[in-house]
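*Asks:* Just passing along the structure, written as structure tokens.
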Amino acid sequence: MGRLAQTDNLTEIQEEILATVRKFTEEKIIPVAQELEHSDTYPTEIVEGLKELGIFGIMIPEEYGGLGESLLTYALCVEEIARGWMSVSGVINTHFIVAYMLMQHGTEEQKQKYLPKMATGEVRGAFSMSEPGLGSDVSAVSTKATRLADGSYEITGQKMWLTNGGSSTLVAVLTKTDEGAESVYKNMTTFLVEKTPGFGEVALGENPGSITVPGKIDKMGYKGIDTTEMIFEGHRISAEQILGGEPGKGFFQMMDGVEVGRVNVAARACGLAIRGFELGVAYAQQRKTFGKPIAQHQAILFRIAEMATKVETAHTMMVRAARLKDTGQRMDVEAGMAKMVASEYANEVVEDSFRIHGGYGYSKEYEIERLMREVKFMLIGEGTSDIQKMIIGRSLLKDYALKG
């Protein structure tokens with residue numbers, strides 16, 4: 001392990017967990033990532049290994065069967081896993097967000113029902129906010145949950161870009177509900193939708209209506225993991241499945257989940273940047289031109305120095321955001337900054353590594369080709385850099401508002 005991306009003041013337990021995850025990544029993920037990614041194969045054995053390590057319940061409190069660790073510990077584990085294969089970190093990403101939303105906003109009955117099984121990975125979570133016509137503009141949500149005479153709801157609409165859409169069994173779904181509020185943001189409700197794993201008709205219940213997961217969306221990168229649509233046609237669901245038991249709070253619950261999700265994406269970007277640097281600096285010492293390793297040419301040496309600095313900067317900002325959240329403080333600015341910097345720098349580091357590889361970087365035989373496709377997702381997930389800039393700028397204007 002090199003000197004970059006080290007984290008000060010970790011506990012012995014944190015060090016032990018990270019060492020275990022790092023060993024798992026080296027032995028179980030990196031050796032098979034290329035083959036599984038190229039064939040777009042779901043990493044079943046890797047996922048089972050993560051279950052045994054307790055990663056699915058790493059932040060779930062011990063009283064619900066989890067490890068009860070911090071966001072920082074989780075983020076550092078994600079960084080290590082993404083370094084091995086970014087898609088694997090996606091398997092636990094939305095699961096983690098749903099578990100976090102349950103911990104923060106769920107009723108005690110909902111926590112008792114789901115968290116112990118989520119901690120073991122028996123129940124797998126997915127997070128559903130986006131729609132075909134809805135990306136950053138959450139106010140445009142059109143999937144509607146209509147309250148029926150018996151107090152239950154009927155959901156109709158189409159959701160998009162569900163990571164773990166097929167493999168999950170519990171989906172946090174943002175819907176539009178009529179609460180009579182003037183603000184559109186107070187007319188949204190999050191439902192905990194249970195479903196069967198797989199594709200096609202996946203609804204549960206005696207009179208469930210219809211939930212359809214058509215199949216995997218074919219993507220440029222982020223292979224192996226199932227990214228899907230989810231279509232609701234009159235799906236019946238009880239009011240007990242409203243997250244927190246109270247309608248009209250869905251937007252704020254989702255934004256809380258997205259905030260920790262931004263730390264998660266920052267961690268994943270950091271992992272990609274670290275791996276990109278490792279591959280680039282190794283190749284630069286092996287490849288020779290004009291009688292010496294290309295690492296000894298000034299142009300390559302400068303590139304390596306810049307890559308390393310970006311890796312260190314991104315990691316430091318990600319760690320700060322995670323630690324701030326762990327103290328219970330608001331960290332929308334810090335999470336936005338960490339996500340923006342980590343994703344942009346990861347793209348730059350991976351591209352620099354690609355340039356160092358020259359023509360070989362364009363070959364699927366080389367790992368850097370996979371990273372080039374995977375890292376582009378970091379620019380989009382949990383809000384683009386432009387969205388992060390809006391969040392950061394608006395918050396800073398409040399902090400630095402002129403007096404009088």
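*Asks:* Which residue, of I217, I237, is closer than 26 Å to M103 by Cβ and either surrounded by fewer than 16 Cβ atoms within 10 Å (Cβ to Cβ) or of a type in the set (A, V, I, L, M, F, W, C) (or both)?
*Replies:* Values: I217 fails: closer than 26 Å to M103 by Cβ.
From the options I217, I237, the qualifying one is I237.
*Asks:* Do any residues in the stretch 225-253 that are in contact (Cβ under 8 Å) with a residue 40 or more places away in the chain and more than 21 Å from T107 (Cβ to Cβ) have Cβ atoms under 6 Å from those of residues that are part of a helix (DSSP H, G or I) and open to solvent by 50 Å² or more (accessible area, probe 1.4 Å), where the two are at least six apart or on different chains, and which pairs are they?
*Replies:* Short answer, once both residue conditions are applied: none.
*Asks:* For the stretch 140-162, how many residues are under 24 Å from T227 (Cβ atoms) and either in a helix (DSSP H, G or I) or without any contact (Cβ under 8 Å) to a residue 12 or more places away in the chain (or both)?
*Replies:* Within the stretch 140-162, the first condition is being under 24 Å from T227 (Cβ atoms), and the residues that meet it are 140-145, 155-162.
Still in the running and either in a helix (DSSP H, G or I) or without any contact (Cβ under 8 Å) to a residue 12 or more places away in the chain (or both): 140.
The number of residues fulfilling the criteria is 1.
*Asks:* A follow-up question, please. Which residue is surrounded by the fewest Cβ atoms within 10 Å (Cβ to Cβ), if the candidates are limited to the stretch 247-300 and must be over 26 Å from F96 (Cβ atoms) and of a type in the set (F, W, Y)? Break it down into steps so the answer makes sense when it comes.
*Replies:* Step one: list which residues in the stretch 247-300 are over 26 Å from F96 (Cβ atoms), which gives 279-300.
Right, trim to of a type in the set (F, W, Y) and you get 283, 290.
Values: Y283: 21, F290: 7.
In this case the residue turns out to be F290.
*Asks:* Taking interchain pairs and intrachain pairs at least six residues apart, which have beta carbon atoms under 7 angstrom, with the first residue in the stretch 178-204 and farther than 20 Å from V123 by Cβ and of a type in the set (F, W, Y) and the second assigned to a loop (DSSP other than H, G, I, E, B) and modelled with pLDDT under 95?
*Replies:* none
*Asks:* Would you check if W85 is open to solvent by 40 Å² or more (accessible area, probe 1.4 Å), touching an Asp or Glu at 6+ places or on another chain (Cβ under 9 Å) and not β-branched (V, I, T)? Give the derivation first.
*Replies:* Values: open to solvent by 40 Å² or more (accessible area, probe 1.4 Å): no; touching an Asp or Glu at 6+ places or on another chain (Cβ under 9 Å): yes; not β-branched (V, I, T): yes.
Here the answer is no, as W85 does not meet what is asked.
*Asks:* Taking the residues in the stretch 352-392 that are of a type in the set (G, A, S) and open to solvent by 30 Å² or more (accessible area, probe 1.4 Å) as candidates, determine which candidate is nearest to Q286 (Cα to Cα). Walk me through how you get there before you give the answer.
*Replies:* Going through the stretch 352-392, the residues of a type in the set (G, A, S) turn out to be 353, 358-359, 361, 363, 381, 383, 385.
Cutting the leftovers down to open to solvent by 30 Å² or more (accessible area, probe 1.4 Å) gives us 358-359, 363.
Numbers: G358: 13, G359: 15, S363: 17 Å.
In this case the residue turns out to be G358.
Every residue, every condition in (1) at pLDDT 95 or above; (2) among the aromatic types (F, W, Y); (3) more than 16 Å from the chain's Cα centre (by Cα); (4) within 18 Å of P116 (Cα to Cα), yes or no:
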position: E62; (1), (2), (3), (4): yes, no, yes, yes
position: G84; (1), (2), (3), (4): yes, no, no, no
position: S87; (1), (2), (3), (4): yes, no, no, no
position: T94; (1), (2), (3), (4): no, no, no, yes
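The values are calculated or read from the model by the stated rules, or taken from the named source; none is laboratory data. Worth saying up front: this structure is predicted, and the values here are computed from it rather than measured. Virtual Cβ from ideal backbone geometry, glycine too; neighbours counted across all protein chains shown. Only protein heavy atoms, including side chains, enter the accessible area calculation; ligands, DNA and RNA are left aside. Shrake-Rupley method; radii C 1.70, N 1.55, O 1.52, S 1.80 Å.
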